[in-house]
Amino acid sequence: MTQAELASRAGLSQSAVARLERGGSNPTISTLARVIAATGHRLTLAAPPHRPSFDERQLRERLAMTPSQRLATFTAFSNDLGRDDPARESHR
């Protein structure tokens with residue numbers, strides 16, 4: 001399909017279609033929907049729920065601790081880091 005054909009089907013000028021094909025254009029969703037509809041397709045937008053990148057259960061557990069419990073847990077985990085790491089053993 002040529003730019004002129006697409007423009008005619010979408011109710012746009014050929015130069016407007018040419019601008020859409022260039023990088024940096026910023027069309028409205030309405031314009032995109034019209035152009036896509038002119039090709040026999042439909043624009044569908046979706047916003048799936050955001051999944052946190054952290055363990056919410058663990059966060060709740062830590063927040064339920066007292067500051068001294070959190071510090072003790074942090075210290076225990078820090079001491080365990082690298083314990084089985086051969087590279088760390090060679091630096092001792």
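The values are calculated or read from the model by the stated rules, or taken from the named source; none is laboratory data. Every value quoted in this text rests on a predicted model; they were computed, and no experiment measured them. As a convention, Cβ positions derive from the backbone with ideal geometry for all residues, glycine included, and neighbour counts pool all protein chains shown.
A few notes on this one:
- Residue match in the stretch 79-88 (condition: under 33 Å from the mean Cα position of the chain (by Cα), modelled with pLDDT under 90 and surrounded by 10 or more Cβ atoms within 10 Å (Cβ to Cβ)): yes
- Filter result for residue 8 (free of Cβ contacts under 8 Å to residues at least 12 places away in the same chain, hydroxyl-bearing (Ser, Thr, Tyr) and either part of a loop (DSSP other than H, G, I, E, B) or touching a strand residue (DSSP E or B) at 6+ places or on another chain (Cβ under 6 Å) (or both)): no
- Near pairs, Cβ below 6 angstrom, 6+ apart or cross-chain, from the stretch 41-61 (free of Cβ contacts under 8 Å to residues at least 24 places away in the same chain) to any residue that is part of a helix (DSSP H, G or I) and surrounded by 10 or more Cβ atoms within 10 Å (Cβ to Cβ): 43/32; 43/33; 43/36
- Residue within the stretch 24-40 that is surrounded by fewer than 10 Cβ atoms within 10 Å (Cβ to Cβ) and either more than 30 Å from the chain's Cα centre (by Cα) or basic (Lys, Arg) (or both) present: no
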